[in-house]
Amino acid sequence: MRRATESKGAVSFARLAVTVLAALAALSGCGGGAKDTPDGRIRGNTLTIYASVPLRGLSRVSGTAAVSGARLALAEVGGRIGEYRVALKVLDDATVAKGGWDPGQTTINARVAVLDPTTIAYLGELNSGASAVSIPPLNRAGIPQVSPTSSAVGLTTSGPSTSPGEPQKYYPTGVRTFARVVPNDTIQANAQVRVQRSMGCQSTYVLDDGEVDGADAARSFAVAAQRAGLRLAGTQTFPRNATSYTALASGVAQTHPGCVLISADTESGAALLTAQLAAAMPAARLFGTAGLAESTYTDPARGGIPLAVAPRVVLTAPALSLSQYPASARAFTAAYQRRFGPVEPDSIFGYEAMSLLLNAIGRATDGGTEPAVRSAVRAALFATRDRRSVLGTYSIDPNGDTTLRRYGVYGIVAGRLTFWQAIAA
């Protein structure tokens, strides 16, 4: 991780303070006189959903895709639920200094939502580390939250791959407020193990980028591999954005793994790492987790891996091909392409996250005819059962997890993700 000098840190803190003050000033005039109440009842006829995603750095591709999907879902209901106007306010959780999502900025975003008396729900975060930051303050305020893509197991449940205190430490009120429409990393790990075994992997070396998503997916894979009898040749956290990974690649090669798993995001330097691992181990198979399933990793024109390396790389991602989804997904894709252009994997999850929130608000307000109360929306969200969606039919379990259990497996052809198969894990 890059560290600022003391003077730069002081400047960053000052800018942070200015941002907070500006946010507070803006909020003092919002909501048309609306006031919140202890049960979270919203006064007035405007309901605000905040979306917090990275809009800078390489992950801006996914952030923009998720927000565009959310905008499409809101547009399809005309921006209204009965007598209520629903407003979407988008917040950037990334900073120039970090080159991606930033804990301090994420804290500000959550605080902005908490201080706005018209806030009915929160869409975010994309990164699990960011969700770990925003869940507690939103939980204290009783604001229901849906993440399109945060997949770390410990956000919702405990287990052998989670850290001490998870997930209870994220919910100071003791009441769950966070849900997600993407399967957690246990599902991805099982899919990774199955596809690796099917491709002849006898031993796998695991490299993660040290971020919450990367580390969680790596730990989950290690647990799944042990259960399946797939040997781990080694595990290691690689330095993010190093100028060279040749020494690391040489060290990995000395363990003679048949396969290597890179558990990381696109902002980690994973494209360079992949290329240098491929050079050091010409016969090894290379695998990547969902954080790499975007064009900034797959397309060399956008800083991704070389075309010559691509045939050796297999990625897992929660998005499936249209043939694996209901007909409504094809309608979504057509509408999205008309309005925003090419569909990224996270587009459909942003769309479904917003659709789920709108559905919960509609049920909690009887179609927009009854008072809008955060606690009622939260209850409706967690009461979601057999929802027919663009992702398929699913429910939200008491922990906030989706009951969807399928993961996609992708190759890379001409710089683009190419769907291979769906694995039920």
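The values are calculated or read from the model by the stated rules, or taken from the named source; none is laboratory data. Note that the structure is predicted; figures quoted are calculated from it, not measured. FYI the Cβ positions are ideal-geometry reconstructions off the backbone, even for glycines, and counts take in every protein chain you see. Each accessible area value is taken on the protein alone, full model and side chains, heavy atoms only, with ligands, DNA and RNA left out. Shrake-Rupley method; radii C 1.70, N 1.55, O 1.52, S 1.80 Å.
Overview of results
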quantity: Matching residues, the stretch 194-228, being in contact with a Lys or Arg (Cβ under 9 Å, 6 or more places away or on another chain), surrounded by 20 or more Cβ atoms within 10 Å (Cβ to Cβ) and under 16 Å from GLY269 (Cβ atoms); calculated: ASP208, ASP209, GLU211
quantity: Qualifying residues in the stretch 311-333 (those that are out of contact with any helix residue (DSSP H, G or I) (no Cβ under 8 Å at 6 or more places or on another chain) and among the polar types (S, T, N, Q)) - the one nearest to ALA73 (Cα to Cα); calculated: SER328
quantity: Hits in the stretch 250-277 (condition: surrounded by fewer than 22 Cβ atoms within 10 Å (Cβ to Cβ), among the small types (Gly, Ala, Ser) and in a helix (DSSP H, G or I)); calculated: SER250, GLY251, ALA253, ALA275
quantity: Residue in the stretch 281-289 that is closer than 25 Å to THR149 by Cβ and either among the basic types (Lys, Arg) or surrounded by fewer than 17 Cβ atoms within 10 Å (Cβ to Cβ) (or both) present; calculated: no
quantity: Considering residues of the stretch 403-415 that are over 20 Å from the mean Cα position of the chain (by Cα) and in a strand (DSSP E or B) only, the residue farthest from PRO306 (Cα to Cα); calculated: GLY411
quantity: Contacts under 6 angstrom Cβ, first residue in the stretch 387-398 being at pLDDT 95 or above, partner small (Gly, Ala, Ser), 6 or more apart; calculated: VAL390/SER328; VAL390/ALA329; ILE396/ALA179
quantity: Strands (runs of 3 or more DSSP E) contained entirely in the stretch 307-402, each with at least 2 residues that are open to solvent by less than 30 Å² (accessible area, probe 1.4 Å); calculated: 313-317, 392-394
quantity: Any pair with Cβ under 8 angstrom, 6 or more apart, that starts in the stretch 326-341 at a residue that is closer than 18 Å to SER62 by Cα and free of Cβ contacts under 8 Å to residues at least 40 places away in the same chain and ends at one that is open to solvent by 60 Å² or more (accessible area, probe 1.4 Å) and in a helix (DSSP H, G or I); calculated: THR333/LEU322
quantity: Residues that are among the polar types (S, T, N, Q) and either on the phi > 0 side of the Ramachandran plot or surrounded by fewer than 24 Cβ atoms within 10 Å (Cβ to Cβ) (or both), drawn from the stretch 132-152; calculated: ASN139
quantity: Filter result for the condition that a residue is more than 22 Å from the chain's Cα centre (by Cα) and small (Gly, Ala, Ser), over ALA290, ALA284; calculated: ALA284
quantity: Any hit, the stretch 165-173, residues being of a type in the set (D, E, K, R), open to solvent by less than 30 Å² (accessible area, probe 1.4 Å) and within 20 Å of ALA353 (Cβ to Cβ); calculated: no
quantity: Residue within the stretch 79-101 that is assigned to a helix (DSSP H, G or I), in contact (Cβ under 8 Å) with a residue 40 or more places away in the chain and not charged (D, E, K, R) present; calculated: no
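One line per residue, one yes/no per condition, for (1) modelled with pLDDT of 95 or more; (2) surrounded by 24 or more Cβ atoms within 10 Å (Cβ to Cβ):
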| residue | (1), (2) |
| --- | --- |
| ARG80 | yes, no |
| GLU83 | yes, no |
| LEU91 | yes, no |
| ALA97 | no, no |
| ARG111 | yes, no |
| ALA121 | yes, yes |
| ALA130 | yes, yes |
| THR162 | yes, no |
